[in-house]
Amino acid sequence: YKLVFSKNGRYLASVGSEVARIWNTSDWSKESEWELEGTIRAVLFADNDRQLIVAGERDERGFLERWDWKTGNRLQSVSEVPRSVDSLGLSRDERLLVTASDAEQRIYTWSWPAGKSLQTISLDEEGSDPVLHPDGKLLLREVHAHAWRAERLGALPRDEDPKEAPKEAQDRSEEHHV
């Protein structure tokens, strides 16, 4: 199971084993429950905690979906998702989504909620799940013990047209040792 609190702390999502449940944290009553397919690897709340973004692997393909958790209705299913989505990050303004695929050793940025792929960052070594700065302009990831890499992300195009954003990241990374 994957567990995540809503941003305001009023709800807890428990997602896994082909079911999603939302709990009210004030009295731990179940607010919502619906069925999901596939292996869930990442989940987070979005749209002022009214929606849930769920990602993982289904039928040997990755999936990235947006759900209205109160109704259990799927609002969006993003196509062209990598083989597996293992982690998610969302900027504070919710215009930029970051996904990571361990199988492909790549990080992807998406215009959100449009679901358009913006940028691909190839990883030359294994590392931890990426951490997105709230402003959506800086991505951190551990590259090995006592070292992390900072990737400066390109700005979102004004009209969110993925043709205007670079597909492969330019060399805008810095490595830091702690």
Nitroxide proxy distance, nm - points 7 Å out along Cα→Cβ at Lys2 and Ser77: 1.7 nm
Assigned charges on the beta-carbon of Lys, Arg, Asp, Glu; segment 1-116 dipole about Cα centre (debye): 320 debye
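Which of Lys116/Lys137; Lys2/Lys137; Lys2/Lys116 have a Cα-Cα distance over 21 Å?
Listed pairs above 21 Å: Lys2/Lys137; Lys2/Lys116.
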5 angstrom amide H check on Gly62, placed H, neighbours 5+ away: Arg83, Ser84
Relative pair counts by distance (%), Cα atoms of segment 1-119, 5 Å bins: 2, 12, 24, 26, 20, 11, 4, 1, 0
Rounded percent of accessible protein surface that carbon and sulfur make up, segment 1-104, 1.4 Å probe: 40 percent
Average accessible surface area per residue within segment 31-101, 1.4 Å rolling probe, Å²: 46 Å²
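The values are calculated or read from the model by the stated rules, or taken from the named source; none is laboratory data. What you are looking at is a predicted structure, and each value in this text was computed from that prediction instead of being measured. Reconstructed Cβ throughout: ideal geometry from the backbone, glycine too, with neighbour counts over all protein chains shown. For accessibility, only protein heavy atoms count, side chains too; no ligands or nucleic acids. Shrake-Rupley method; radii C 1.70, N 1.55, O 1.52, S 1.80 Å.
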